[in-house]
Amino acid sequence: MAVVSGRGGAGKTSIVASFALLAKRKVLVDCDVEAANLHLILTPTVEHEEDFCAGGKARIRPERCTACGFCMRLCRFGAIFFKEEMGKTPGMAKPVIRRLLCNGCKLCVRICPEEAIDFEPHVESRMLVSKTDYGPMVHARLGMDLKNAGQLVAAVRKKARSVAAEKGLDQVIIDGSSGFGLAVSQSITGTDLVLAVFEPNVSGEQDFLRLAELTAHFRIPLMVCVNKWDLNKEMTEKIEDLTIERNARPLGRVRYDRNVANAMIAGKSVVEFARGGAADDIRKLWEKISES
Ligand code: SF4
Ligand code: SF4
């Protein structure tokens with residue numbers, strides 16, 4: 001199951017952290033790699049780390065290059081140019097690669113007749129498998145290369161499946177990426193259920209419409225929770241009506257409760273930190289999911 005929202009701050013991580021306590025036999029996954037914060041509540045202890053490679057840059061070895069110029073003519077990104085001082089012989093220019101323009105397509109590596117171009121994989125992100133009080137958790141540390149977030153999410157999902165298989169666990173609970181880009185698609189593809197969390201305002205309504213389209217495209221059942229529903233009852237009802245119209249299920253409402261923020265500050269899930277209020281609402285959400 002993936003828990004998602006159209007934008008950060010809608011409350012999905014508080015809900016996932018509570019589900020972490022309520023669910024049995026599960027792997028927890030933080031796919032919100034661009035704004036990861038589940039670890040702040042679950043305080044994982046890292047047991048295994050690995051590099052995540054996505055893309056890289058080409059690099060020319062001038063000593064092997066015969067300056068035939070194939071690579072420069074074929075590079076669609078204009079990343080290769082000839083430079084006089086790169087050649088050992090005066091007057092003989094050799095190619096160099098502008099790293100900022102190279103998109104790592106590897107075409108030049110494949111076509112160079114002298115095998116003079118190497119490919120340097122780019123490693124900035126890390127994948128982590130950790131132990132928490134609530135079960136194993138798979139998460140990531142995203143480097144500066146934000147355009148690879150979608151691929152990193154796919155790799156984190158794959159790792160979570162292998163951890164679940166290895167430990168004989170039958171549920172995977174995903175704190176999904178926010179927004180609507182590749183990372184959120186990678187967070188939800190292949191799941192059995194998406195729980196979308198919205199706040200009752202115009203942004204929440206717009207986010208619902210876009211997420212409903214996305215889940216319909218992937219044919220994944222969608223359940224909807226309106227968080228802080230009592231701040232705008234009219235908009236809550238509107239989002240729930242739209243949910244029914246789009247053949248999704250309004251799962252429940254979570255009221256505004258200061259204990260949600262207090263639990264975050266204390267590094268605890270709401271259901272662990274408080275009784276009544278939002279904690280009760282979240283327990284009811286989980287009961288309904290378990291029954292469905
Ligand atoms: S294709 Fe290879 S040999 Fe030809 S210019 Fe490029 S790097 Fe040099
Ligand atoms: S890897 Fe692709 S983009 Fe980079 S220099 Fe080679 S051909 Fe150009």
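The values are calculated or read from the model by the stated rules, or taken from the named source; none is laboratory data. Please read all numbers here as calculations on a predicted model, not as lab measurements. Here the Cβ positions follow ideal geometry from the backbone for every residue, glycine too, while neighbour counts run over all protein chains shown. Side chains included, ligands, DNA and RNA excluded: accessible areas come from the protein's heavy atoms. Shrake-Rupley method; radii C 1.70, N 1.55, O 1.52, S 1.80 Å.
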Item checked: Any hit, the stretch 166-180, residues being assigned to a loop (DSSP other than H, G, I, E, B), acidic (Asp, Glu) and modelled with pLDDT of 90 or more -> yes
Check: What number of residues in the stretch 217-248 are assigned to a helix (DSSP H, G or I), modelled with pLDDT of 95 or more and of a type outside the set (Asp, Glu)?
Finding: 10
Check: Going through the stretch 269-278 one residue at a time, which ones are farther than 10 Å from SER14 by Cβ and in contact (Cβ under 8 Å) with a residue 40 or more places away in the chain?
Finding: GLU272
Checklist line | Lone unmet requirement of (1) farther than 30 Å from LEU142 by Cβ; (2) open to solvent by 80 Å² or more (accessible area, probe 1.4 Å); (3) in a loop (DSSP other than H, G, I, E, B) for MET92 | finding: (2)
Notebook entry, point to check: Hey, does the stretch 49-56 have a residue that's modelled with pLDDT of 85 or more and closer than 30 Å to GLY9 by Cβ?
Noted result: yes
Check: In the stretch 241-253, which residues are surrounded by 14 or more Cβ atoms within 10 Å (Cβ to Cβ) and closer than 22 Å to ASP192 by Cβ?
Finding: THR243, ARG246, ALA248, ARG249, PRO250, LEU251, GLY252
Notebook entry, point to check: Restricting attention to the stretch 54-72, and to residues there that are among the small types (Gly, Ala, Ser) and under 23 Å from PRO121 (Cβ atoms), which single residue is nearest to ligand 1 (Cβ to nearest atom)?
Noted result: ALA58
Margin query: If a residue counts only when it is open to solvent by 70 Å² or more (accessible area, probe 1.4 Å), which helices (runs of 4 or more DSSP H) contained entirely in the stretch 1-78 have at least 3 such residues?
Written below: 70-74
Check: On the given criteria, is SER125 among the polar types (S, T, N, Q), buried (at least 17 other Cβ atoms within 10 Å of the Cβ) and under 16 Å from the mean Cα position of the chain (by Cα)?
Finding: yes
Note to self: I'm told VAL138 meets every condition in (1) modelled with pLDDT of 95 or more; (2) touching a Gly at 6+ places or on another chain (Cβ under 7 Å) except one. Can you identify the failing condition by its number?
What the structure shows: (2)
